[in-house]
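Peer 1: Take a look at the following structure, please.
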Number of protein chains: 2
Amino acid sequence: SRTMSSLSVPKPACLNKPFVAPHRFMFGPGPSNVPPRILEAGANPIIGHMHPEMFEIMSDIKSGIQYAFQTQNNLTFAVSGTGHTAMECALFNALEPGDGVLVAVNGIWGERATDMAERIGAKVNTISAPPGGCFTNDEIKKALSKHRPALMFLAHGESSTGVLHALDGIGDLCHQYGCLFLVDCVASMGGAPLYMDKQGIDILYTGSQKVLNAPPGSAPISFSPRACQKAFNRRTKPVSFFLDLAWLANYWGCDDKPARTYHHTGPVSAFYSLREALRMLAEEGLEESWERHRTVAEYFHSGLEDMGLKLFVKDKSSRLPTVTTILAPPGYDWKEITSFIMKTHNVEVSGGLGPSAGLVLRVGLMGCNSSRASVDMVLSAFRDALQHCHKSKV
Amino acid sequence: SRTMSSLSVPKPACLNKPFVAPHRFMFGPGPSNVPPRILEAGANPIIGHMHPEMFEIMSDIKSGIQYAFQTQNNLTFAVSGTGHTAMECALFNALEPGDGVLVAVNGIWGERATDMAERIGAKVNTISAPPGGCFTNDEIKKALSKHRPALMFLAHGESSTGVLHALDGIGDLCHQYGCLFLVDCVASMGGAPLYMDKQGIDILYTGSQKVLNAPPGSAPISFSPRACQKAFNRRTKPVSFFLDLAWLANYWGCDDKPARTYHHTGPVSAFYSLREALRMLAEEGLEESWERHRTVAEYFHSGLEDMGLKLFVKDKSSRLPTVTTILAPPGYDWKEITSFIMKTHNVEVSGGLGPSAGLVLRVGLMGCNSSRASVDMVLSAFRDALQHCHKSKV
C-alpha cells in the first residue's frame, strides 16, 4: 500500500501541458531568429563536456571565432553564458581593485561597463556622448592622457542607440598610453567590418544570439597577448572562479599544460549550435556578410525615409547596419506601434533602451534576418501601424 | 569585379564539415542523457526573452522548481548558466567582504565553495571530513559556536566522493547561531529526499544536467525569506551585475515592481528544455523519483559487491543514489578501465575528482538513466573490463 506523501508542495498544474513556441519574426535587437539547421545542431544528443569529440568542437569554435574576429590570438574561446557573462569575464580578468578604467559612454553598454567595473573596485572615469553620438580619436586621446587608465571600454555596436563606432586608430592610442583596449561587438560582429588584430583590440567579445543566429547562451571572446600579460600577472585572484581566465584557458586547451582539468560543465548543446552558426558565417564569408548587412541596411533606411520616418543617428557612417534606431513617430504612442506590429504582423520590433528609452523604435535585422524580404515586411508593418494606431494632433 | 579581400585570417577548413554527435550512454557524474522530448523542447523556435509567453515559461519553471525543492519561497528561479554560476550567485549575494563563512569540506564542492568565498573577501573557516565521510550535527554545532559565521555551506550530494549528507537538524542549528544554511544539491536533487522549507535550508541550488536530464546551461536556485533579508540589506553591491539578486528577482517577476526591466538575455532554448525536464519530474512524482533512484542504486550496489568490487562509502545510509563511487580495483589502471568501457560498450563511467582522484571509479545513474537496464549494462561492462584490462600481480 502507498505510504502517505511527505510533500508539502504539490505538483504544479501549470506543468501539465507541453509548450509549443510560436513562430515569430524576431526583428528586435536580439535574440534573432535561429535557422532550422542551427536548432537541429543544438538538438544533437549530449556527449560529455570533456569527451574528445567535444574538445574537437571547441577547437572548431575557437577557429571560427578567430575568423569572425579576424585574430590570431591563441586565447580565443566561448564563455559558458550570455553576452553579459562575457563582459564580466573581460572586466574581472583584466582589472584589479584600484585599476583605472576609461569608459566611453554613448549608450547603455558604457553604463553597464561602468557599473560592473565599479563593483570590483576599479576606479572608473567616463567620457560621454549624447545618445546617437560618437567620440573623436582626439577626445579619446585627451581622456587617455588625463586619466592614464589601465583599460578603455568602447562599444563597437551600441544597440541601444543604433550607433556603429569607428575603431581605427583607437587601439594604437590606447597602447601609446599603456592601456588595454576592450571592445564590445555583441551587436556588430558579422554585420560590420571589424579586425581585432589590425585594429589593436586587446579584448573583444560578442553574443551568440545576434548576427550569429544561435540561441542565447554562449559568448565568443578573445584576449590579445598584451591582455594575457596583464590577466596572468595579477596580484589578486579574479572575483569569479567560474570566469577565472587561467581556468578557462586550460578548459579550452589554450594554455601549455599537458592535460585539461575539470573546471565547469560547459553548455554542450549551446556549443553545438554555436559551431553551426560559425560554420554558416564561414560558408557565406565574413566580407560577404558585412556587405549584405550594409546594403540591406541602406535599403531599409531609404525605405523608412521615403515613408517620412526619421533615423535617430544623423551621421550615415555611424549607423549600425544590424540595429536601426528610428525616431519615435511624433503624435504616436510607441508602445502601441510595437504591440500592433506584433499582434497584426507577428513581427517583433522594440522600443528604446536606457538612454534611448521613449525616444526611438529599434529594428534588428541580423544574420539570416538581414534580407530585402525582411525589410519589405517591416516597412509594410510600419506603414500599417502608422495608419491604424492612434495619432494625436501634434 | 570582386575587390581584394581585406581579411588576414582565412576561413577555417575544420568548419567545412557538419558535426553529428554520437549516441553514448552517459553514466558518468553528468551531464546525463537527455531524453528526446527534452531535446525537442529545446529545438523550439526562439521567442523574445521578455515576450509574454517567455514570462509564462519562466513562471512554470519557478513552480516546477518550488515543487522539486519543496519550497514556498517566492524568490525561486533558474540562473542563466551552469551549476557553478548558481554557486557563485548564492555566495556573491549572501556574502559581503569580511563576512564569516563555515564550509563543510568532504569533497570537491566544499573546496570550490572555499575558493569562491575567499575571492570575494569572506573569512572562511572549514571543517573537514575524509573523502567518503560526513559530519555529525554535533561537529557542526561546535564549529558554528566557535566561528559564528554568517553562512554555512554543505553539499547534499558530494559527487566527487559519492556521499549523500544527512540534512535534518542542521538548518535549525544554523538559525540558532544566526547563520544562513546554503546547500548544494546539484548531484542529489530529484534523486534523494530533500525538503528545502522543512529542513530549514536558506539557499539551495542545482544544475539542469543531472537528475533533471536537461542539457547543461541553466541552474535552479531558491532563496528563503531569511536569505533575502540578508541579500537585500547589504552595505555593498554584489561583485557581479549579472548575478545581482535584485536584478534577477525583477527579471523573474519575483519582486514587487510593476514592470520588468531588461537585465540580460536569458538562454531561451535552455529554459524550454528546463521546463520540459521539470514537467517530466512532476509527471513521475518527486517521491516516486526518489524511490526509483533508491531501489536502482541498491540493485546496482549489490551487483557490484557480488562481482567483488568494493563501494567507497562504507556507511550505507550515506551513499548517494545518483552517483556511486567504487574503489578503483586493485591491480588495474583505472584509466584503462574507463577507456575500455567507453570504447567497447559506448558507456561513459569516470574516474575520481579532486580528493577522490585515482582512488575511485564513479558511475552516475540519474533521471532517465536510473533503471535496472542501465545497471545491467554497467555491470556487464565492468565484468568485461575486469576480464580484458591488464592486471598486475598485487
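Peer 1: As a test of the formula, what do you get for chain B when each DSSP H run with n ≥ 4 contributes -39,500 (n - 2.57) and the sum is divided by the residue count, at 222 nm and rounded to the nearest 500 deg cm²/dmol?
Peer 2: Working: 12 runs with 148 residues, N = 394.
Calculated mean residue ellipticity at 222 nm is -11500 deg cm²/dmol.
Peer 1: For chain B, what is Rg from Cα atoms divided by 2.2 N^0.38 Å, rounded to two decimals?
Peer 2: Numbers: Rg = 22.2 Å, N = 394, 2.2 N^0.38 = 21.3 Å.
Here the answer is 1.04, to two decimals.
Peer 1: Report, as an integer, the average count of C-beta atoms from other chains found within 10 Å of each Cβ along A:266-276.
Peer 2: Values: counts 4, 12, 7, 15, 7, 4, 4, 3, 0, 4, 3.
Shielding by partners across A:266-276 averages 6.
Peer 1: Could I ask something else about it? How well do other chains shield peptide B:16-25, expressed as the mean number of their Cβ atoms within 10 Å of each residue Cβ? Can you show the working numbers first?
Peer 2: Working: counts 4, 2, 6, 11, 5, 13, 5, 4, 6, 0.
Average per residue, whole number: 6.
Peer 1: Please compare each pair in A:Lys123/B:Lys123; A:Lys237/B:Lys142; B:Lys17/B:Lys62; A:Lys210/B:Lys11 to a cut-off of 28 Å on the Cα-Cα distance and tell me which ones are over it. Intermediate values should be presented prior to the final figure.
Peer 2: On the way: A:Lys123/B:Lys123 25 Å; A:Lys237/B:Lys142 31 Å; B:Lys17/B:Lys62 40 Å; A:Lys210/B:Lys11 20 Å.
Result: A:Lys237/B:Lys142; B:Lys17/B:Lys62 exceed 28 Å.
Peer 1: Follow-up question, since we're still on this one. Antiparallel DSSP bridges in chain A: what percent, to the nearest 5?
Peer 2: Restricted to chain A, the bridges split so that about 50 percent are antiparallel.
Peer 1: Defining the label point at 7 Å along Cα→Cβ, can you sort the distances from A:Glu139 to the same site in each other copy, shortest first, in nm?
Peer 2: Values, ascending and in nm: 6.2.
Peer 1: Divide, for region B:335-384, the radius of gyration over alpha carbons by 2.2 N^0.38 Å, where N is the residue count. Before the final figure, lay out each step's value.
Peer 2: On the way: Rg = 11.2 Å, N = 50, 2.2 N^0.38 = 9.7 Å.
Scaled against compact globular proteins, the figure is 1.15.
Peer 1: Could you pull the copy-to-copy label distances for A:Asp384, with points set 7 Å along Cα to Cβ, in nm to one decimal and sorted shortest first?
Peer 2: 5.9
Peer 1: What's the local net charge at A:His175, with K and R +1, D and E -1, over the other residues with C-beta under 9 Å away?
Peer 2: On the way: positive: A:Arg226; negative: A:Asp172, A:Asp202.
With Lys, Arg at +1 and Asp, Glu at -1, the neighbours total -1.
Peer 1: Still on this structure, please answer the following. Using modelled backbone amide H atoms (1.01 Å from N, in-plane), which distant-in-sequence or interchain residues come within less than 5 Å of A:Gly100's amide H?
Peer 2: Amide H to amide H, under 5 Å and 5 or more residues apart or across chains, A:Gly100 pairs with A:Lys123, A:Ala150.
Peer 1: Normalised by the residues of chain B, what does the relative contact order come to in percent, with Cα pairs under 8 Å and at least six apart?
Peer 2: Numbers: 762 pairs, mean separation 91.2, N = 394.
Dividing the mean separation by the residue count of chain B yields 23 percent.
Peer 1: Same structure again: Just tell me which lysines come within less than 17 Å, Cα to Cα, of A:Lys141; anything on the same chain fewer than 8 places away is out.
Peer 2: Within reach: none.
Peer 1: Taking the C-alpha atoms of region A:2-139, how large are the radius of gyration and the largest Cα-Cα span, Dmax, in Å?
Peer 2: Every Cα atom of region A:2-139 included, Rg and Dmax give 22.3, 78 Å.
Peer 1: Give the Cα extents of region B:244-394 along the principal axes, in whole Å, largest first.
Peer 2: Principal extents (Cα only, largest first): 71, 30, 30 Å.
Peer 1: To the nearest µm²/s, what D does Stokes-Einstein give for region A:97-205 at 10 °C and 1.306 mPa s, using the Kirkwood radius over alpha carbon pairs as Rh? Intermediate values should be presented prior to the final figure.
Peer 2: Details: Rh = 13.6 Å.
Stokes-Einstein gives a translational diffusion coefficient of 117 µm²/s.
Peer 1: If I model a spin label as a point 7 Å beyond the Cα along the Cα-Cβ vector, how far apart are those points for A:Ser8 and A:Asp306 in nm?
Peer 2: Using points 7 Å along Cα→Cβ, the separation is 6.6 nm.
Peer 1: A further question follows. Suppose we keep just the DSSP beta bridges with both residues in region B:149-266; what percent of those would be antiparallel, to 5? If you can, show how the numbers build up before the last one.
Peer 2: Numbers: 5 of 14 bridges.
Roughly 35 percent of the DSSP beta bridges within region B:149-266 come out antiparallel.
Peer 1: Net charge around A:Ser80, counting only other residues with Cβ within less than 13 Å of its Cβ (Lys, Arg = +1; Asp, Glu = -1)?
Peer 2: Details: positive: none; negative: A:Glu88, A:Asp244, B:Glu88.
That sum, taken over residues with Cβ under 13 Å, equals -3.
Peer 1: List the residues whose amide H sits under 5 Å from the amide H of B:Leu75, counting only those 5 or more places along or on another chain, with H placed 1.01 Å from N in the peptide plane.
Peer 2: Amide H to amide H, under 5 Å and 5 or more residues apart or across chains, B:Leu75 pairs with B:Phe223.
Peer 1: So what is the diffusion coefficient of the protein assembly as shown in µm² per second by Stokes-Einstein at 25 °C and 0.890 mPa s, using a Kirkwood Rh over Cα pairs? Could the numbers behind the result be given before it?
Peer 2: On the way: Rh = 27.1 Å.
The Stokes-Einstein estimate is 91 µm²/s.
Peer 1: So what is the relative contact order of region B:250-394, in percent, for Cα pairs below 8 Å that sit 6 or more residues apart?
Peer 2: 23 percent
Peer 1: Go through chain A and flag any cysteine with no other cysteine's C-beta closer than 4.7 Å, please.
Peer 2: A:Cys14, A:Cys89, A:Cys134, A:Cys185, A:Cys228, A:Cys254, A:Cys368, A:Cys389
Peer 1: Shifting gears a bit: What relative contact order, as a whole-number percentage, does region A:137-282 give when Cα pairs under 8 Å and 6 or more residues apart are counted?
Peer 2: 17 percent
Peer 1: Would you report the distance distribution of C-alpha pairs in region A:87-137 as whole percents per 5 angstrom bin, up to the bin with the largest distance?
Peer 2: 5, 22, 31, 20, 14, 7, 0
Peer 1: Shortest first, in nm, what separates the label point of B:Glu53 from those of the same position in the other copies (7 Å along Cα→Cβ)?
Peer 2: Shortest to longest, the spacings are 3.1 nm.
Peer 1: Same structure again: Taking a cut-off of 19 Å between Cα atoms, list the lysines near A:Lys391, but don't count ones fewer than 8 places away on the same chain.
Peer 2: A:Lys310, A:Lys335, A:Lys343
Peer 1: Give the average, rounded to an integer, of partner chain Cβ atoms located within 10 angstrom of each Cβ in A:33-39.
Peer 2: Values: counts 2, 6, 0, 2, 1, 2, 6.
Mean partner-chain Cβ count within 10 Å for A:33-39: 3.
Peer 1: What is the Cα coordinate range of region A:238-302 on the first, second and third principal axes, sorted by size from largest, in whole angstrom?
Peer 2: 52, 28, 23
Peer 1: So, one more: With θ set to phi - 60° and the Karplus curve 6.51 cos²θ - 1.76 cosθ + 1.60, what are the ³J(HN,Hα) couplings of region B:97-104 in order, to the nearest whole Hz, using x for Gly and Pro?
Peer 2: Along region B:97-104, the couplings run x, x, 5, x, 10, 10, 10, 8 Hz.
Taken together, the values in this text are just the output of simple stated rules run on the coordinates, not laboratory data. On a predicted model such as this, the values are computed, not experimentally measured, just so you know. When we count neighbours, we look across all protein chains shown, and the Cβ atoms used for this are built from the backbone with ideal geometry, even at glycine.
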